[in-house]
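All remarks here apply to the structure that follows.
The values are calculated or read from the model by the stated rules, or taken from the named source; none is laboratory data. Because the structure is predicted, anything quoted here is derived from the model rather than measured. All Cβ positions, even for glycine, are placed from backbone atoms using ideal geometry, and neighbour counts span all protein chains on display.
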Amino acid sequence: MAHSFRHLFPCLIGVAFSACLLLPAAQAAEADTSPRIDLSRPNPRPAYSHSALRIGETGTAIVLVQVDDGGDPVEVQLSQSAGFADLDQAALAAVRHWHFVPAVKDGRRVTQWTAVRVQFKSTGVETETAEAEGAAAEERERIRVICKDGVGDTGSRIPGPKKCLPKWKWDELKDNSQRDLTTT
């Protein structure tokens, strides 16, 4: 019996080695994903006060969320106002307590920014990850969050703080600065 095992041992090593080579390829074949709202867990609805509803406050807030590798929000920022401060604050407060499915890159969960659309309508509040399936590729690119180090004029050689904004906002700032240069 031991003799036949010695003949199989090189084969078993070869099979294990082949499986080890195929494992990273299988992980890499897993699609990279962006964070998205975890619908399998309860998430608080943004508060839509009766007074806001009564006076007809409606609008869409876009909230940028940095989601850690465990699916928890690390940081939230208002990217686009709903047009009313109380609605913006309600959207930010709710999203801070939401649960997300984290982003996956190269088969591993990673911390990544995403954008959440919160619509306040006369019929209630609707929410979705702005990068939800079916959203146009242009919209996903427009709301993609870009973080830049040392943004801003600090008046010294010390770089300013890191600033994270959606691509459309960086484009707007770039356009405004180019416009300022051509008018001076």
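One line per residue, one yes/no per condition, for (1) at pLDDT 65 or above; (2) buried (at least 18 other Cβ atoms within 10 Å of the Cβ); (3) assigned to a loop (DSSP other than H, G, I, E, B):
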| residue | (1), (2), (3) |
| --- | --- |
| Ala91 | yes, yes, no |
| Trp98 | yes, yes, yes |
| Val116 | yes, yes, no |
| Ala135 | no, no, yes |
| Glu139 | no, no, no |
| Pro159 | no, no, yes |
| Cys164 | yes, no, no |
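Just to check your reading of the model, which residue among Gly14, Gly71 is at pLDDT 90 or above and not assigned by TED's automatic domain parsing to the domain that holds Asp171? Result of the check over Gly14, Gly71: Gly71. The residues of segment 42-56 that are over 11 Å from Asp88 (Cα atoms) and in contact with a strand residue (DSSP E or B) (Cβ under 9 Å, 6 or more places away or on another chain), listed by number, are Asn43, Arg45, Ala52, Leu53. Applying a threshold of 9 Å to beta carbon distances and a minimum spacing of six or more residues, or different chains, the list of pairs starting in segment 35-48 at a residue that is over 22 Å from Val104 (Cα atoms) and ending at one that is assigned to a loop (DSSP other than H, G, I, E, B) and among the aromatic types (Phe, Trp, Tyr) reads Pro44/Trp98. The set of residues in segment 31-41 being surrounded by 14 or more Cβ atoms within 10 Å (Cβ to Cβ), under 16 Å from Val95 (Cα atoms) and of a type outside the set (Lys, Arg) consists of Pro35, Ile37, Asp38.
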